[in-house]
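Peer 1: Starting off with a structure, shown below.
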Amino acid sequence: MIVITAPTSNIGSHLLNLLLDENSSRTEELRVIVRDPAKLSAPVRARVDVVTGSHGDAEVVDRAFAGADAVFWLLPPNPQAPSLDVAFSDFTRPAAKAFTANGIGHVVGVSALGRGTPGAARAGLVTASLAADDLIAGTGVAYRALANPSFMDNLLRQVVSIRDNGVFTDIVDADHKAPTAATRDIAAAAAGLLLDRSWTGFDEVPVLGPEDLSSNDLARIMSEVLGRPVRYERQSADDFRATMTGYGSSEAFVAGYVDMMRAKDDGLDAGVQRTPETASPTTFREWCEEVLKPAVQG
């Protein structure tokens, strides 16, 4: 049995669909932990075992992991958390205990690039994510952390601005080239590891996308695909802090994001070489054609 956390998230929903497709010819049981089962479609609910609740709750994960062989672990975003430790390690701690108590053999988690680079200790959200990985690995469970760069799909948060104003923003240097990955490729990497559990120990599995692109590169490709001008505007860290605080984000979360993006500008994501094994297939242009363009037009 495979347990999937955050099955309604972008990566989790892709993964669940992949496993359901694969499972049409397999006998692997699937169980999901979800706060609101109504967010799952009726056909999906009919094919999975549903445990209702938060996967940060000790009773919920203990019940969900009973009888399971493997777990997909994805931390939910918590912009209101009073500290990054609360958002990452504290949320993970009940599950880490439940992995051991229930004899879970394999865990696949969503994490970040940066381990071993000079800026990893001061990279905000990434530093906290790597600490949560260490917590899981410390249980002795076989663990694969999917080490990801920024997600292409994060741009969907700015669809209205891209559509109405032809603008997307962030706080990174406009010309800094870095890897970026599609969430569907991250889900595919997770599915492969969950279905073939011949691996042992702890390791990271980078998912780098096929190319490094700058924010100006992203703007050029979006303009070509959408058939309208799109430009990148670099936001100051102070303006970003004011905007996010206005949305209700905690000071700790905002500082963690700013520190992460500064570290990325300083080469945080450049520590892993792209090879046929670390490259994922979806190009940014393909993602724009298949995901962004329909979202903008819709």
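Peer 1: Which is the longest stretch in the chain that no exposed loop site breaks, taking sites as chymotrypsin sites (Phe, Trp or Tyr not before Pro) with a DSSP loop state and at most 16 other Cβ atoms within 10 Å?
Peer 2: 1-198
Peer 1: Another question about this same structure. For the chain, with all protein chains present and a 1.4 Å probe, just round the carbon and sulfur fraction of the accessible area to a whole percent.
Peer 2: Roughly 50 percent, rounded to a whole number.
Peer 1: Before I look further, what does the stretch 230-298 give for accessible area per residue, probe 1.4 Å, in whole square angstrom?
Peer 2: Roughly 56 Å² per residue, with all protein chains present.
Peer 1: Where nothing but the Cβ of Lys and Arg (+1) and of Asp and Glu (-1) is charged, how large is the charge dipole of the stretch 143-223 around its Cα centre, in debye to the nearest 20?
Peer 2: 280
Peer 1: Something else: 222 nm [θ] for the chain, helices only, -39500 (n - 2.57) per DSSP H run of 4+, per residue, to 500?
Peer 2: -11500 deg cm²/dmol
Peer 1: Another question about this same structure. What longest range of the chain stays clear of loop-exposed trypsin sites (Lys or Arg not before Pro) (DSSP non-H/G/I/E/B, at most 16 other C-beta within 10 angstrom)?
Peer 2: Between the exposed loop sites, the longest stretch runs 36-176.
Peer 1: Rounded if a/c is under 1.5, else prolate if a/b beats b/c, else oblate: with a ≥ b ≥ c from the C-alpha gyration tensor eigenvalues square-rooted, which is the stretch 228-298?
Peer 2: The shape class here is oblate.
Peer 1: Answer with a single label: of (1) 164; (2) 134; (3) 123, which was calculated as volume of the Cα convex hull per residue in Å³ from the structure in view?
Peer 2: Evaluating volume of the Cα convex hull per residue in Å³ on these atoms matches (2).
Peer 1: Using the charge dipole of the stretch 39-156 (Lys, Arg: +1 at Cβ; Asp, Glu: -1 at Cβ; taken about the Cα centre), state which of H106, A81, M152 has its Cα farthest towards the positive end.
Peer 2: Comparing the listed Cα positions along the dipole, M152 ranks first.
Peer 1: Which one, T200, S129, G166, is farthest towards the positive end of the dipole of the stretch 93-210 when Lys and Arg carry +1 and Asp and Glu -1 on their Cβ?
Peer 2: Positive-end residue among those listed: T200.
Peer 1: Too long at a 29 Å Cα-Cα cut-off: which of K177/K293; K97/K264; K39/K264?
Peer 2: Violating the 29 Å limit, Cα to Cα: K97/K264; K39/K264.
Peer 1: In debye to the nearest 20, how big a dipole does the chain give about its Cα centre with +1 on each Lys and Arg Cβ and -1 on each Asp and Glu Cβ?
Peer 2: Computed about the Cα centre, the dipole is about 440 debye.
Peer 1: A further question follows. Using only the Cα atoms of the stretch 148-194, build the gyration tensor, take square roots of its eigenvalues as a ≥ b ≥ c, and label the shape rounded, prolate or oblate: rounded if a/c is under 1.5, else prolate if a/b is larger than b/c, else oblate.
Peer 2: oblate
Peer 1: Evaluate the charge dipole of the stretch 159-269 about its Cα centre and quote only its size in Debye, nearest 20, assuming +1 on the Cβ of each Lys and Arg and -1 on the Cβ of each Asp and Glu.
Peer 2: 400
Peer 1: Continuing with the same structure: Using the charge dipole of the stretch 220-269 (Lys, Arg: +1 at Cβ; Asp, Glu: -1 at Cβ; taken about the Cα centre), state which of V230, S249, M260 has its Cα farthest towards the positive end.
Peer 2: The residue sitting farthest along the positive end of the dipole is V230.
Peer 1: Give me the 1.4 Å probe accessible area per residue for the stretch 49-200, excluding ligands and nucleic acids, in Å².
Peer 2: Normalised by residue count, the accessible surface of the stretch 49-200 is 38 Å².
Peer 1: Checking the a/c ratio against 1.5 first, then a/b against b/c, what shape does the Cα gyration tensor give for the stretch 182-247?
Peer 2: It comes out oblate by the Cα gyration axes.
The values are calculated or read from the model by the stated rules, or taken from the named source; none is laboratory data. What you are looking at is a predicted structure, and each value in this text was computed from that prediction instead of being measured. Note: ideal-geometry Cβ built from the backbone for every residue, glycine included; neighbour counts use all protein chains shown. What goes into the accessible areas is simple: the full protein's heavy atoms, side chains included, and nothing from ligands, DNA or RNA. Shrake-Rupley method; radii C 1.70, N 1.55, O 1.52, S 1.80 Å.
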